[in-house]
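Contents: one structure, followed by commentary.
The values are calculated or read from the model by the stated rules, or taken from the named source; none is laboratory data. On a predicted model such as this, the values are computed, not experimentally measured, just so you know. Every residue, glycine as well, gets a Cβ built from its backbone with ideal geometry; the counts of neighbours run over all protein chains shown. The area values use the complete protein model at the heavy-atom level, side chains included, leaving out ligands, DNA and RNA. Shrake-Rupley method; radii C 1.70, N 1.55, O 1.52, S 1.80 Å.
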Amino acid sequence: MNDDEDLSDTEERELHDRVKALRQEHADLDAAIEALGAMPVPDQLRIARMKRKKLSLRDEIVKIESRILPDIIA
C-alpha cells in the first residue's frame, strides 16, 4: 500500500462501494452535461460547473482506488 497500511475486508468493501457510487454520480453528470449541451441555447456556466464537479469526482475515485490497489513496482 501507499503507506504500508493494510485495509480490513470491511474497509475495502466500503471503499469499493464508495467508488461505485462516485462512478454512478460521474456517469449521471456526464449524461446531464450531454443533455444540456444538446439544448438550443445551452447554459455554458452550468455546464462548466458540472464539468468541474465531474473532474473532482474523477480525482476522488483515483485517490480511493490508489488506497485499494497495491503499488506495483515494475
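For the pair GLU14 and GLU34, the difference between a 0.36 nm per residue extended length and the Cα-Cα distance amounts to 4.2 nm.
Principal-axis analysis of the Cα atoms of the chain puts helix 9-37 at an angle of about 10° to the longest axis. Let me have the relative contact order for the chain, percent, based on Cα pairs under 8 Å that are six or more residues apart. Reported as a whole number, the value is 53 percent. Taking Cα atoms only, the orientation of helix 44-68 departs from the longest principal axis of the chain by about 10 degrees.
The fraction of accessible area contributed by carbon and sulfur in the chain is 52 percent, rounded to a whole number (1.4 Å probe; ligands and nucleic acids excluded). Each label point was placed 7 Å from the Cα along the Cα-to-Cβ direction; for ASP43 and LYS63 their separation is 2.7 nm. Across segment 1-62, the convex hull enclosing all Cα atoms gives 63 Å³ per residue.
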